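Participant: Dropping a structure here in structure tokens format, bear with me for questions.
FYI, it's all coordinate maths here, none of it is from the lab. Keep in mind that what you see is a predicted model, and the values were worked out from it rather than measured. Every residue, glycine among them, receives a Cβ derived from its backbone with ideal geometry; neighbour counts consider all protein chains shown.
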Amino acid sequence: MTAFLSSINYNAWIVPVLLLLPAFGAVGLWAHALLTANDPADKRWREVRVLAFAFFLGEALLSLGLWWSIDTAAIGWQAMVDLSWIPQWGIRFTVGLDGISLTLVLLTTLMMPLAVLGSWTSIRTKPHAYYALLLLLTIGMLGVFVSLDLVLFYVMWEIMLVPMYLVIGVWGGERRLYAAIKFFIYTMIGSLLMLVAILYLGSEASRIAGAPTFSYDFILNNVRLDPTTTLWLFGAFALAFAVKVPMFPFHTWLPDAHVEAPTAGSVILAAIMLKMGTFGFVRFALPLFPSAAMNPAVRSFIIALAVIGIIYGALVALVQPDFKKLVAYSSVSHLGFVMLGIFALTTESMQGALMVNINHGVSTGALFLLIGMIYERRHTRMIADYGGIAKVVPIFATILTIVSLSSIGVPGTNGFIGEFLVLVGAYKTQPLATVISATAVIFAAAYLLWALQRIIYNKLDKPANEGLKDLNWREIGLLVPLLIAIVWLGVYPKPLLDKTEPAARRLVEYVQTGGVKAAVNITHTAR
Amino acid sequence: MLVEALALSAVLFTIGVVGVLTRRNAIILFMCIELMLNAVNLSFVALSTLYGATGQVFVVFTMTVAAAEAAVGLAIIIAIFRHTRSVNLQNINLLKG
Amino acid sequence: MLANQFHSLFYAFGFYLFGLVAIASAVAFVTRKSPVAAAMWLVNVMFCLAALYVMLDAQFIAAMQVLVYTGAIMVVFLFVIMLLNLGHPSELADARGRWGYIFATFIGLVMLAEVMALNRANTIERMIPPDLAARAAAAAATPLAGGIIGPVAAPLFNEYLLAFELTSVLLLAAIVGAVVLGKRRTDAR
Amino acid sequence: MMHPAMIPEGAHPLAATVARFVWLLPLLPLLGFLINGTLAMLGAAKVGPADPSAGHDSDDHGHGAAHGHDAHDAHHAPTRHKYAAITSLVGPGVLVAAFGLAVACFFAMRSVDMERPFLLTLFQWMPVGDLNLTASFLLDPLSMVMVLVITGVGMLIHIFSVGYMQDDPGYPRYFAYLNLFVFFMLVLVLGGSYPLLFVGWEGVGLCSYLLIGFWFSEKANADAGKKAFIVNRIGDFGFLVAMFLMFANLGSLDIATVAEKAVELPMGGAIVTAMALFLFLGCTGKSAQIPLYVRLPDAMAGPTPVSALIHAATMVTAGVYLVARSSAIFSMAPMAQLVVALVGALTAFFAATIGLKQWDIKKVLAYSTVSQLGYMFIGVGVGAYVAGVFHLVTHAFFKALLFLGSGSVIYVMHAAYHATHNHDDAQDMRNMGGLKTYMPVTFYLMWIATLAIAGIPLFSGFFSKDEILGSVFARISHSTLAEATLFGVPGGTILLIVYVLGLASALMTAIYMTRMMLYTFHGPNRTGEAERSHLTEAPWIMTGPLVVLAALAAFGGWLNVPELLSAVGPVGSLDHWLEPVVGEAALRTTLGAAPHVTHQTELMLVGTAIAIAVAGIAFALLRLKPAALVPKKDSPAATGISRVLENKYFVDEGYDAAIVQPTLAVSRAVLWKGLDAGIIDGLFVNGSALLARAFGWMGSQLQTGQVGTYAWVLLIGVITLLGAFTFR
């Protein structure tokens, strides 16, 4: 397979193509909208969703090659493309992949078609705009994962915001405007600080390099700042990413955004967009400011926030009447594990953190898909309105049980691997924080099983629930890949772990030694 | 005599301002503004003794402006009056924010 | 320029006389209840100013003052007052009450004080360009080509020709505005 | 699953034998689960229309619901599930095959010297940093014994279930869960590393959740299942922390390496004790000891064979197995061992007292299980691992027999009530009575089990229980435990307390078991005239396994005969069998010398044990008058002590009030409403929005539309400007 891929020089063109294909998709949809302006709405709707799905599927298939073509063991960026973008300010279009971003890119490209399939029948108003926005969203998300130029990264970071704001704002639930605006402003405030930090870094790099440059490699290898500025810059980056993670005090946008977003919106939000924050920490905050990350005060503060996030998220999820809000708060708890894993700075915990990233994407994505499906039938998200529907919709109940078990982290499913690695790895450097976070294992079981029981078990007493229809073949086909991922990653996660192992180990060593060791081993030599 | 002229212009100007602030009748308001303009003209003329006649040219201009302003202003007052039967500024607040 | 003026006592007396009368009538103008009385006092102020202009060698301006300001603008004002039958002072209890007056005058005094401070703080001396005396002398030397009007008319039609034309456009606009606003709406509004 | 590593030379002798197919053991039940699972889905599921929200037709009241409702309220003649035949073959068949393979492995193991455990690496599971975990199976005498018990007893219970659950519409789903349970139990027992053991550990918890809540349409059953899983998770939290300690301090999680490295740690040191205590916290969760035993009695909400398999024979013994498996760690931490023994004794005594006053036949057995588990923990706690495991095996036999026997009784009672549409409680002893005339076979078999559990000589219970008490007594003077102290109390006195508590609970065991037999089988029948005609013996498919179990219960003692009664059979065969696994750790506790007790003290010990058993039975026979009993619906509410015991010391209500409700209240009022919605959302987010609007409002106040105001503002601007110039 790698031979075939290198024969077509796959690495050279894949990343730009992955970024451009959605753009063409959007244009295609726009053209379709114009051409079929006067066709009956229903026909147009059916055609456009098939067209959109074709683009997303193409994107996914194209990206599969990455799994073989990217050699994550090698030092330096893979599939790198470096073009000049705005010469006057020295901003270049540099993109590249390594072990960490590979897994997240694949998660994005593979989750998008499933998200689109998930909202196959629920989105009927203005479908063209809807799918075009999802395509733009893909560009933004992929861009963030692959960009190696700080300004390019910031641009992609902002591109990602707008479509999601519109998706929530236009196709959302009742309080969608409040949720959309809150989501937008929350992230915007954070990222503005980051912009200031980027500009400062850029000026510093330009001073050293003579010519203006924002290249990530150059800054990583050459820019050495005094401790206080590093702390400030780290703080700016950390705040922007903390909002996105979301970490404890900055998380209140998540439940609203999730509850009000349409199915595909909340699936993408949960599965991919929450990973932006943690990816940002791993790619930018930690490597660029190792001394700040190793600073005991900063580190224990962030770990404390992570632990609070874990326990707080789980406890608040326990009492949510709305199932989607419950899953949203559980996301806060899961991502608290990721932050604990990252800042424990051991190879196992970092690997575990990256693993939880992927698992959370799979299991919470599946949970939201399922909620979307039952919402389409019953039009309510309140747990109290359900009850005893296992007899009426057995397939739905079985899949929901399996996915909930994966989310709880029962061994044999993917959830366990991630959390176990994080906790085992984190115990060595943060014993107390780990033990407290381990209690979240109990709360996770409590809130999810209690919700599960109130929905599918108990007496079937509400007449509205009796007429429910079970999942159709499309929905089952959509969930099967996720179930396979849950079981495969739970039983045999070795392939995925091998992919992320080199990058994670090098990152931890780099940060542990406070960046003193030649940065060369994390990226190839400065240009 | 320059200083006295300027002082006089300042006093007149102040009186004009006080008039604008206190009176509520639109027309008297306009007249106060005319008074303020005159005060300015006076200072122009006074200073033109120092700097040559350009000051006086400006006075000409201010006069034309004053005339235009008065014309339009009064037209507006008439329109308002026809509408509200009074020129008391107190109750003309359609532009309330 | 008019350097040849001699500062006789008479001149100063005249200046102060007209100054005080102007101030008194201005004060009266502000405090009158009826607009007609107020208008009359304002006319008086304008006349005093015209006199002062003459004493400051700005004869043309004085003439214009009387002609344009007093003659035209004040007449229009009076005309409008009469037209709208605002003469009777009763319904014009427009004073804002004791408190408003005091505060307004206080603000006025504050402003006055500031302006005075500006005047006295030798700003004027600093404003006077050093070569003023020379320029004044030169100007004086040249004979009064256009008579009294010359010094005013020359710049008006040389450097400020454009401005002059623009004023005509302004006046045209004002006329059109006044006519449109003043016209009684025929359609039922 | 990669093909198991090819057999390199110098490998374990077992590698050549049939034992190399050990990975097939868990695979068979997994296959059973998959087959039955698909059958269950095919039977129940009906795929929905392409467009789910098209026309919400709630008129056809989803008659599909009919096929799923449970046996309890099936009014018309119960219909057998259409795939029942296939499941009846696959379900038990898979277990029979597994048992066969297990026996084959057993004989292979007997013929080979088992110095080193046979480690079969399947594939690399988590190769991360210096924790390269491999999924490997560990076959050694200890796991062999457990495998035999699980597959043997499991097979019998599967066969019994074919009869018991035959009319249940969820028949294939039931066998799917049962097979899945056996799969996870085998993974637990064969697991080569602690995380793999943990997979089985939680998997078993999951299956108990599914099986207890099998008839999920009843809220009580679903609640019981949820409670079981969450209490299990609390135990698993302890296990997890123990694993972190191991990895952080010993650097590895493989059972073999951990055992080697643990010995190098300081004896009785903080790390080892912490490891042992956390492991024990895990065991209390799984094997229902004092703090976390509350889930077991509620677990009786599941079908009776489930209670037999999970809550008598296999799952609950996982804790005992774990302690035996990590005997190296426990032997290094005498204080922890004292804790284990003390908790075991307290649980035994405490549960026995509750058992005295229970009316539901399954609740009596449940508390008896908790009590007997206490015994096992006493055994492994004091370092007599062989005694603990021996009691585990014998307990599996007679407790399974008791549960299945009660299952037959309930089945018959239910059938009777069903026939006459009577909604009385089919599990309450007050509605039974005098069943020996209707169910003679079950009656005799249940008596054998009762005698065994009471500890009557020559029955299996006597041998195992006596050996535990004997080993406690032997270690009072000469062992590391004696020297260790717990909360300032010297080890010796604690062991004495343990011994006394053990004797007391043995007495109470005899009493409540005989009480159960009297109220169920002896005295007048209280079921009711109409139902009496329907009371018949359970079908052969159910009583067959009972007979086998009765034989095992009766002659189980033969497995490990003490030399005192060497006449009965080969002395201490189980001792020799388990010696390579637990021998070294046991010797460490008894300071190197095998625990010897003078001849007459041993005679005295055996004597007291027999006296206690006989006294208990006699006391019950004399004191209790089954004739005086009245059917449940009109029996008076209990008062005083019996009310407290009947409501199990109100422990459940206590937990609920002390822990569950406060956490819910706190998280709802303080965390969610207070902090989240209140402070963060209310104050910061919406607060800042409000602030912006407030400024906007102030600005707008300026625009009053009054010309005057504008003049003022203008003027103030002028003045400030002038001021700036003047004071510059």
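Participant: Under a 5 Å amide H to amide H cut-off, with H placed in plane at 1.01 Å, what residues pair with D:G191 once short-range neighbours are removed?
Facilitator: Under 5 Å from the amide H of D:G191 lie the amide H atoms of D:L138, each far enough along the sequence or on another chain.
Participant: Please report the net charge: other residues with Cβ closer than 12 Å to the Cβ of D:V685, K and R +1, D and E -1. The partial results should precede the final answer.
Facilitator: Values: positive: A:K182; negative: A:D256, D:D676, D:D681.
Around D:V685, the charge tally is -2.
Participant: Under a cut-off of 16 Å between alpha-carbon atoms, report the aspartates and glutamates in cross-link reach of A:K459, not counting same-chain residues fewer than 8 places apart.
Facilitator: Output for A:K459: A:D385, D:D70, D:D73, D:E218, D:D223.
Participant: For a Förster distance of 25 Å, can you work out the FRET efficiency between the beta-carbons of D:A611 and D:D652, rounded to the nearest 0.05?
Facilitator: 0.10
Participant: Reachable lysines from A:K325, Cα under 19 Å, same-chain residues fewer than 8 places away excluded?
Facilitator: Hits, sequence-local ones excluded: A:K182, A:K244, A:K275, D:K673.
Participant: Note down the nm distance, to one decimal, between modelled labels 7 Å out along Cα→Cβ at D:T663 and at D:L683.
Facilitator: 2.7
Participant: How much length is gained on full extension from A:M382 to A:I189, taking 0.36 nm per residue of separation minus their Cα-Cα distance?
Facilitator: Going from the current span to full extension adds 66.3 nm.
Participant: So how tilted is helix A:296-318 from the main axis of chain A? Cα-based, degrees 0 to 90, rounded to 10.
Facilitator: Computed tilt is about 0 degrees.
Participant: Then there's this: For the pair A:A31 and D:A11, what calculated FRET efficiency results from E = 1/(1 + (r/R0)^6), where r is the Cβ-Cβ distance and R0 = 60 Å, to the nearest 0.05?
Facilitator: It comes to 0.35.
Participant: Search the structure for amide H atoms under 5 Å from the amide H of D:L486, placed 1.01 Å from N in the peptide plane, and list their residues when 5 or more places away or on another chain.
Facilitator: D:G491
Participant: Just to be sure I understand the model, the point goes 7 Å from the Cα along the line to the Cβ. What's the resulting C:A173 to D:V644 distance in nm?
Facilitator: 10.0
Participant: Hey, another quick one. Using θ = phi - 60° and the Karplus form 6.51 cos²θ - 1.76 cosθ + 1.60, what ³J(HN,Hα) does each residue of the stretch D:234-242 get, whole Hz, x for Gly and Pro?
Facilitator: Rounded to whole hertz, the list is 4, x, 5, 4, x, 4, 4, 5, 4.
Participant: Still on this model: Could you pull out every one of the lysines with an alpha carbon less than 23 Å from that of D:K286, ignoring same-chain neighbours closer than 8 positions?
Facilitator: D:K226, D:K227, D:K362, D:K363, D:K399, D:K465, D:K648
Participant: While we're looking at this one, here's another question. Each residue of the stretch D:389-404 in turn: what ³J(HN,Hα) in whole Hz from Karplus with 6.51, -1.76, 1.60 and θ = phi - 60°, glycine and Pro shown as x?
Facilitator: Each residue's phi maps through the Karplus curve to give 5, 4, 5, 4, 5, 5, 4, 4, 5, 6, 5, 4, 4, 4, 4, 5 Hz.
Participant: In debye, nearest 20, what is the charge dipole magnitude of the stretch A:374-509 about its Cα centre with +1 on Lys and Arg Cβ and -1 on Asp and Glu Cβ, if you could check?
Facilitator: Dipole size: approximately 80 debye.
Participant: While we're looking at this one, here's another question. Kindly provide the helix-only [θ] at 222 nm of chain A, computed as the sum of -39,500 (n - 2.57) over DSSP H runs of four or more divided by all residues, to the nearest 500 deg cm²/dmol?
Facilitator: Calculated from helices alone, the mean residue ellipticity at 222 nm is -24000 deg cm²/dmol.
Participant: While we're on this one: Output ³J(HN,Hα) for the stretch D:361-376: one whole-Hz value per residue in order, computed from phi by the Karplus curve 6.51 cos²θ - 1.76 cosθ + 1.60 with θ = phi - 60°, and x for Gly and Pro.
Facilitator: 4, 6, 5, 4, 5, 4, 5, 5, 4, 4, 5, 5, 4, x, 4, 4
Participant: Same structure, new question: Write out the trypsin sites (Lys or Arg not before Pro) in the stretch B:1-90 meeting two conditions: DSSP loop, and at most 14 other Cβ atoms within 10 Å of their Cβ.
Facilitator: Sparse-neighbourhood loop trypsin sites (Lys or Arg not before Pro): B:R85.
Participant: Grab the Cα-Cα distance for C:L83 and C:A113, subtract it from 0.36 nm times how many residues apart they are, and report the gain in nm with one decimal.
Facilitator: 6.8 nm
Participant: Taking 51 Å as R0, compute the FRET efficiency from the Cβ-Cβ separation of D:L621 and D:N132 and round it to 0.05.
Facilitator: Efficiency, rounded to the nearest 0.05: 0.25.
Participant: Right, something else. By how many nm would the segment from A:L64 to A:A3 lengthen if fully extended, with 0.36 nm per residue of separation less the alpha-carbon distance?
Facilitator: Computed gain between A:L64 and A:A3 is 20.5 nm.
Participant: Something else about it: If I model a spin label at D:F695 and A:N222 as a point 7 Å from the Cα along the Cα→Cβ vector, what separation in nanometres do I get?
Facilitator: The answer from the label model is 4.0 nm.
Participant: Enter the mean number of other protein chain beta carbons within 10 Å of the beta carbon of each residue in C:54-62, as an integer.
Facilitator: 5
Participant: With a cut-off of 20 Å, note down the residues of the stretch A:116-145 whose backbone N falls inside the zone around a label point 7 Å from the Cα of A:L83 toward its beta carbon.
Facilitator: A:136-145, by backbone N distance to the label point.
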